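I have placed the structure first, in the form of structure tokens, so that the comments after it can refer back to it.
Quick note: the coordinates plus some simple rules give every number you see, no bench work behind them. Quantities reported herein were computed from a predicted structural model and do not represent experimental measurements. In this analysis, Cβ positions are derived from the backbone assuming ideal geometry, glycine residues included, and neighbour counts consider all displayed protein chains.
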Amino acid sequence: MNLEAIRAIYKFEMNRTFRTPLQSIIAPVISTSLYFVVFGAAIGSRITEIEGVSYGAFIVPGLIMMMILTQSVSNGSFGIYFPKFTGTIYELLSAPVSYFEVVLGYVGAAATKSMILGILVLLTAGFFVPLRIEHPVFMALFLVLTALTFSLVGFIIGILAKGMEQLQTVPLLVIMPLTFLGGTFYSINVLPEIWQTISLANPVLYLVSGFRWSFYGISDVDVSVSLVMIGIFLAACIGVVGWIFRTGYRLKS
Amino acid sequence: MPQPILSIAGLSKTYDDGFEALKSVDLDVERGEILALLGPNGAGKTTLISIVCGITNATGGTVTVDGHDNVREYRAARSQIGLVPQELTTDAFETVWATVSHSRGLFGLKPNPAHIEKVLRDLSLWDKKDNRLRELSGGMKRRVLIAKALSHEPRILFLDEPTAGVDVELRKEMWALVRELRQSGVTIILTTHYIAEAEEMADRIGVINHGQLLFVEDKGELMRKLGSKQLIVQLQEPLEAVPDALAKQGLELSEGGGTLVYTYDAHAERTGIAALLAALSEAGLRYKDLQTRQSSLEDIFVNLVREDK
């Protein structure tokens with residue numbers, strides 16, 4: 001195991017983040033915080049409690065998930081896309097590192113960054129709405145698994161992307177809509193039955209539901225289903241990454 | 001004979017679009033030598049290097065680095081190799097120090113600030129260590145790429161067109177550095193299309209064209225073997241034209257008619273020198289000096305590549 005290489009990649013990626021704190025940290029935290037200020041405080045005061053939880057507090061887990069998903073995907077994709085784009089990837093390909101180590105370095109850094117942001121949003125939310133976390137261990141588990149899974153998704157996108165546009169497309173056109181329709185701002189129980197069924201096809205629903213359960217003990221689907229689903233996503237991503245590396249697809253000619 | 005540090009056997013590469021970049025190349029590189037791979041653009045030099053370094057997959061053949069297969073035992077193989085790519089690809093926003101230290105880590109070595117400092121000083125980069133790469137000139141970036149390759153103490157160093165777009169001073173510095181590295185036991189493989197560079201630096205020269213390694217020869221041997229020579233006859237009285245009696249010898253007049261130049265194959269059974277000298281005196285031409293000149297590697301190379309077409 002080339003631990004030094006994992007450390008080098010991880011450090012390199014984290015430096016990239018902290019070099020631009022305004023863009024990488026402050027901006028996403030502020031923009032996400034605006035959601036619970038506007039939705040929670042302004043609109044929430046006119047919405048009745050959902051299963052005993054105030055609306056402002058209800059949306060916090062979903063907002064943290066949204067942050068984790070978008071940040072994981074964009075960090076994971078950019079980290080590997082950029083060296084491909086500039087050509088510096090030659091060094092990675094010629095270094096005595098295994099693919100597993102490369103993934104650990106890049107995905108580890110992307111997941112770390114999105115978790116930091118998620119926690120910052122959580123802390124900020126604490127100033128505006130009353131929070132309680134009933135199952136902190138599960139909360140941490142969901143946080144880590146989701147960050148890892150979607151950093152892997154990002155990594156895959158970064159390898160497959162042929163240009164900047166494709167790199168932006170998936171987060172904007174896939175992740176964002178899925179998050180909005182995945183019960184971030186509402187419980188799917190309020191939807192007509194047909195839409196409830198359709199919503200069950202949305203993977204993000206399981207993440208938001210499970211994460212919210214770890215806060216308030218309420219969920220759209222059973223928490224065990226949420227855990228199984230995220231396990232399946234993670235396994236699928238690992239499978240795809242494994243295939244990419246075995247074949248060298250889009251990395252080596 | 002000691003085991004070669006790099007052994008390439010039957011290496012071939014066909015790209016997806018059907019382009020055959022390498023056609024069964026065999027090459028052994030001896031420990032501690034400087035080998036220059038000479039060839040025109042698109043000859044397959046970079047493809048060859050990319051396969052050895054693990055950046056490109058081979059279609060066929062094997063690469064063995066100090067006894068380690070570069071696919072099955074890629075860790076052992078790659079950790080010995082430093083690569084300085086042709087393109088100036090750098091992380092624009094990183095500092096010199098960070099990017100060079102990063103390279104060392106990637107190759108699995110523990111941080112060693114003293115070594116990094118030595119490398120940067122040797123490359124006259126020390127006062128730039130805190131500069132971001134985008135602030136550096138092209139020549140400085142080239143040095144950074146060399147520093148990155150040297151950061152992990154390679155036993156084999158690949159320099160892919162190291163002096164392309166580099167000014168004369170830096171080129172001389174690089175040549176000095178390469179010699180110094182060789183002194184310390186590093187094997188160096190450089191590609192170039194500057195013949196002067198190969199002539200200046202290399203112990204052996206390989207000529208590659210259309211994906212085939214035409215030959216690899218000791219530099220002196222190569223120049224002796226393939227070189228045509230010229231006999232320069234300095235005349236006492238300048239001539240206006242080559243006399244008819246000497247026309248069939250293939251002579252050329254130069255320096256305002258003051259010298260006659262006779263080109264011959266130094267390895268031929270008959271060089272024709274004796275006949276020429278006899279013909280000269282028969283024509284009543286008197287000369288004050290005779291000189292022979294070896295043709296340069298450039299002439300050899302141009303001839304070879306032309307023949308290969």
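Convex hull over the alpha-carbon atoms of the stretch B:228-296: what's its volume per residue in Å³?
Details: hull volume 5.6 nm³, N = 69.
Spelled out: Cα convex hull of the stretch B:228-296, divided by residues, is 80 Å³.
Would you mind checking which residues have amide H under 5 Å from B:T292's amide H? H placed 1.01 Å from N; only 5 or more apart, or other chain.
Under 5 Å from the amide H of B:T292 lie the amide H atoms of B:I232, each far enough along the sequence or on another chain.
Nearest 5 percent is fine: what portion of the DSSP beta bridges confined to chain B is antiparallel? Walk me through the numbers before you get to the answer.
Details: 38 of 56 bridges.
Expressed as a percentage, antiparallel bridges in chain B total about 70.
Applying the Karplus parametrisation 6.51 cos²θ - 1.76 cosθ + 1.60 with θ = phi - 60° to the phi angles of the stretch A:125-138, what ³J(HN,Hα) value in whole Hz is obtained for each residue in order, glycine and proline being reported as x?
Ordered by residue, 3J(HN,Hα) equals 4, x, 6, 9, 10, x, 10, 9, 10, 7, 10, x, 5, 5 Hz.
Hey, fewest Cβ within 10 Å first, where do B:H152, B:H210 land in order?
B:H210, B:H152
How would you classify chain B from its alpha-carbon gyration tensor, with a ≥ b ≥ c the square roots of the eigenvalues: rounded for a/c under 1.5, else prolate if a/b is greater than b/c, otherwise oblate? Can you show the working numbers first?
Details: a/c = 2.85, a/b = 1.97, b/c = 1.45.
Cα axes put chain B in the prolate bin.
Set the Förster distance to 60 Å, then compute FRET efficiency between B:K288 and B:S124 from the Cβ-Cβ distance, nearest 0.05.
Working: r = 50 Å, r/R0 = 0.83.
Given R0 = 60 Å and the Cβ-Cβ separation, E is 0.75.
In debye, nearest 20, what is the charge dipole magnitude of the stretch A:105-253 about its Cα centre with +1 on Lys and Arg Cβ and -1 on Asp and Glu Cβ, if you could check? Show your work: numbers first, answer last.
On the way: 7 positive and 5 negative charges, 123 e Å.
It works out to roughly 580 debye.
Among A:C237, B:C53, which comes first, then next, by fewest other beta-carbon atoms within 10 Å? Walk me through the numbers before you get to the answer.
Details: A:C237 22, B:C53 25.
Fewest to most other Cβ atoms nearby, the residues stand as A:C237, B:C53.
To the nearest 10 degrees, how steeply does helix B:168-183 sit against the main Cα axis of chain B, on a 0 to 90 scale?
Helix B:168-183 and the main axis of chain B meet at about 70 degrees.
Would you pull out the residues with amide H under 5 Å of B:L83's amide H, same chain only if 5 or more places away, H placed 1.01 Å from N?
B:F158
Under the rule of -39500 (n - 2.57) per DSSP H run of 4 or more residues, summed and divided by the residues of chain B, what mean residue ellipticity at 222 nm is obtained, to the nearest 500 deg cm²/dmol?
So the helix-based figure for chain B works out to -9500 deg cm²/dmol.
With everything on Cα atoms, drop me the angle between helix A:223-247 and the longest principal axis of chain A, reported from 0 to 90° to the nearest 10.
Result, in degrees: 20.
Hand me the GluC sites (Glu not before Pro) from the stretch A:9-58 located in a DSSP loop with no more than 13 other Cβ atoms within 10 Å, in residue order please. Spell out each step's value before the answer.
Working: sites: A:E13, A:E49, A:E51; in loops: A:E49, A:E51.
Here the GluC sites (Glu not before Pro) that fit, given the DSSP loop and packing criteria, are A:E49, A:E51.
Rounding to the nearest 10 and keeping the result within 0 to 90°, find how far the Cα-based axis of helix B:113-122 lies from the longest principal axis of chain B.
Orientation of helix B:113-122: about 20 degrees from the principal axis.
Can you give the FRET efficiency for B:A266 and A:F128, using 1/(1 + (r/R0)^6), R0 = 51 Å, r = Cβ-Cβ distance, to the nearest 0.05? Spell out each step's value before the answer.
Values: r = 90 Å, r/R0 = 1.77.
For R0 = 51 Å, the calculated efficiency reads 0.05.
Tell me, what HN-Hα J-couplings in whole Hz come from the Karplus equation 6.51 cos²θ - 1.76 cosθ + 1.60 at θ = phi - 60° for each residue of the stretch B:55-62, using x for Gly and Pro?
8, 10, 7, 7, 7, x, x, 10
How high is the FRET efficiency from B:Y15 to A:R46, r the C-beta distance, R0 51 Å, rounded to 0.05? Mind showing how you got there, number by number?
Values: r = 64 Å, r/R0 = 1.25.
After rounding, the FRET efficiency stands at 0.20.
Calculate the length of the line joining the C-alpha centroid of the stretch B:157-213 to that of the stretch B:48-103, in whole Å.
18 Å
More than 32 Å apart: what percent of Cα pairs in the protein assembly as shown qualify? Each step should come with its number before you reach the end.
On the way: 91769 of 157641 pairs.
The proportion of pairs with Cα distances above 32 Å equals 58 percent.
Where the centre of each part is set by its Cα atoms, how far does the stretch A:194-219 sit from the stretch A:223-253, in angstrom?
22 Å
If amide H atoms are built 1.01 Å from N in the plane of the peptide, which residues on other chains or at least 5 residues away come under 5 Å of the amide H of B:Y287?
Hits under the 5 Å cutoff: B:Q236.
May I ask which residue of B:L290, B:L239, B:G258 lies farthest towards the positive end of the charge dipole of the stretch B:228-296, with charges of +1 (Lys, Arg) and -1 (Asp, Glu) on Cβ and the Cα centre as origin?
Positive-end residue among those listed: B:L290.
May I ask you to evaluate 6.51 cos²θ - 1.76 cosθ + 1.60, the Karplus curve with θ = phi - 60°, for each residue of the stretch A:21-26 and list the ³J(HN,Hα) values in order in whole Hz, giving x for glycine and proline?
So the J values, rounded to whole Hz, are x, 4, 6, 7, 10, 4.
So for A:W195, A:W213, fewest C-beta neighbours within 10 Å to most, what's the order? It would help to have the intermediate numbers written out before the result.
Working: A:W195 12, A:W213 22.
If I rank by nearby Cβ atoms, fewest first, I get A:W195, A:W213.
Would you mind giving the three semi-axes, in whole Å and largest first, of the ellipsoid equivalent to the stretch A:94-140 according to its Cα gyration tensor?
On the way: eigenvalues 232, 30, 3 Å².
Gyration-tensor ellipsoid for the stretch A:94-140: 34, 12, 4 Å.
Along its principal axes, what span do the Cα atoms of chain A show, with the longest given first and each in whole Å?
Per principal axis, max minus min of the Cα coordinates gives 59, 37, 34 Å.
Could you work out the mean count of beta carbons from other protein chains within 10 Å of each residue's beta carbon in B:87-98?
On the way: counts 4, 1, 8, 3, 7, 2, 4, 5, 1, 0, 0, 3.
The mean count of partner-chain Cβ atoms within 10 Å per residue comes to 3.
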